[in-house]
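Report on one structure; see the data block that follows.
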Amino acid sequence: MKIRLWGVRGSIPTPLSSNQIQRKISAVVQRIQEDDLKSPEKRESFLSSLPDSIFGTVGGNTTCVESRLDDDTMIIFDAGSGLTKLGNDLFHRNKHIREYNIFFTHFHWDHIQGLPFFLLRFLIPNVK
């Protein structure tokens, strides 16, 4: 069984603030060396060596927890805005899931707001 958190925030999805983005860019600039800029391959290697914390936006989406069983059955707890990212991830990886099961802890908006976008992703393939 594998568990992945697609959203952990309460009530309202929260994108990064301007200050948070600036701190992430600053962290990249502090690490870069002249040699890292010499070719596209060097730039890509540098970017792939950066810690996940620089790229991540942990905590921005509302509640959605994926539990994947060994037989590829997926259990999803809550359908907050994190469900949209889960749907996009599955769609872009063309990942076959044998069965989806969605359980709701309760029906407040922050626990259901991703559901329409998850469904649209599979019914209308060009939805972004």
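Each reported figure results from applying straightforward, stated rules to the coordinates on display, with no laboratory input. Only a predicted model underlies this, so the values are computations on that prediction, with no experimental measurement involved. Neighbour counts are summed over all protein chains in view; Cβ atoms, including those assigned to glycine, are modelled from backbone coordinates with ideal geometry.
Worth a mention:
- Helix-only CD estimate at 222 nm, as mean residue ellipticity for the chain, using -39500 (n - 2.57) per DSSP H run (n ≥ 4): -11000 deg cm²/dmol
- Enclosing the Cα atoms of segment 51-120 in their convex hull gives a volume equal to 104 cubic angstrom per residue.
- Cβ-based exposure ranking for W109, W6, in which fewest neighbours within 10 Å come first: W109, W6
- Mean Cβ neighbour count within 10 Å, used as a protection proxy, ranking 83-90, 11-18 highest first: 83-90, 11-18
- Taking amide H as placed 1.01 Å from N in the peptide plane, the amide H of G7 sits under 5 Å from that of C64, each at least 5 places away or on another chain.
- Prolate/oblate/rounded label for segment 1-40 (Cα gyration tensor, a/c 1.5): oblate
- Listed from fewest to most Cβ neighbours within 10 Å, the set S67, S48, S81 follows the order S48, S67, S81.
- Rounded, prolate or oblate (a/c below 1.5 giving rounded, otherwise prolate when a/b exceeds b/c) for segment 15-83 by Cα gyration tensor: oblate
- More than 16 angstrom apart: percent of Cα pairs within the chain: 69
- Sum of side-chain charges, Q33 neighbourhood, beta-carbon under 14 Å (Lys, Arg +1; Asp, Glu -1): +1
- Rel. contact order, % - alpha carbon contacts under 8 angstrom, at least six apart, the chain: 29
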